[in-house]
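First up is the structure itself, then whatever we jot down about it.
The values are calculated or read from the model by the stated rules, or taken from the named source; none is laboratory data. Every value quoted in this text rests on a predicted model; they were computed, and no experiment measured them. Glycine also receives a Cβ, built like all others from the backbone with ideal geometry; neighbour counts cover every protein chain displayed. SASA here: full protein model, heavy atoms, side chains in, ligands and nucleic acids out. Shrake-Rupley method; radii C 1.70, N 1.55, O 1.52, S 1.80 Å.
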Amino acid sequence: MSFRAPLTNHHADDTLCPADHKHTSSGKPLHPDCPGRAYTKAVCPCGDWEKKDCGKGYVNECRRRHLADHAREPKVLRDPLRLDSC
């Protein structure tokens, strides 16, 4: 099963910042109607992981590490069952 944990930006009042609102690397708004990015959040649908932090790069790195853990299945599940072996 493939999991995705998309990044979402949020304003200080916890409202979602639309994707078309661009920001500087520090979160200052480049869109005239945006108050700025207060934090970035990623939630995995596996139900065991969520990350919220003011650093977008930090959240993205944690998200990538978590999703990489999903890719690593136990060796028993990775190798096909061989019925012709003795």
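Out of all the residues in segment 2-12, is one or more more than 16 Å from the chain's Cα centre (by Cα) and open to solvent by 100 Å² or more (accessible area, probe 1.4 Å)?
The answer is no, given that none of the residues of segment 2-12 is more than 16 Å from the chain's Cα centre (by Cα) and open to solvent by 100 Å² or more (accessible area, probe 1.4 Å).
If you scan segment 56-66, which residues turn out to be closer than 15 Å to residue 9 by Cα and open to solvent by 80 Å² or more (accessible area, probe 1.4 Å)?
56, 58
Here is a check on your reading of the model: is residue 69 modelled with pLDDT under 90 and open to solvent by 80 Å² or more (accessible area, probe 1.4 Å)?
Yes: the conditions hold for residue 69.
Being more than 30 Å from residue 69 (Cα to Cα) and either exposed (fewer than 13 other Cβ atoms within 10 Å of the Cβ) or touching a residue at least 40 places away in the same chain (Cβ under 8 Å) (or both) is the filter here; which residues of segment 23-35 pass it?
24, 28, 30, 32, 33
Have a look at 33, 84, 13, 20 and point out the one that is in a loop (DSSP other than H, G, I, E, B) and modelled with pLDDT of 90 or more. First the steps, then the outcome.
Values: 33 fails: modelled with pLDDT of 90 or more; 84 fails: modelled with pLDDT of 90 or more; 20 fails: modelled with pLDDT of 90 or more.
Answer to the check: 13.
I need the full set of residues from segment 36-55 which are touching a Ser or Thr at 6+ places or on another chain (Cβ under 9 Å), open to solvent by 50 Å² or more (accessible area, probe 1.4 Å) and either in a loop (DSSP other than H, G, I, E, B) or at pLDDT below 90 (or both), in order please.
Scanning segment 36-55 gives a single hit, 54.
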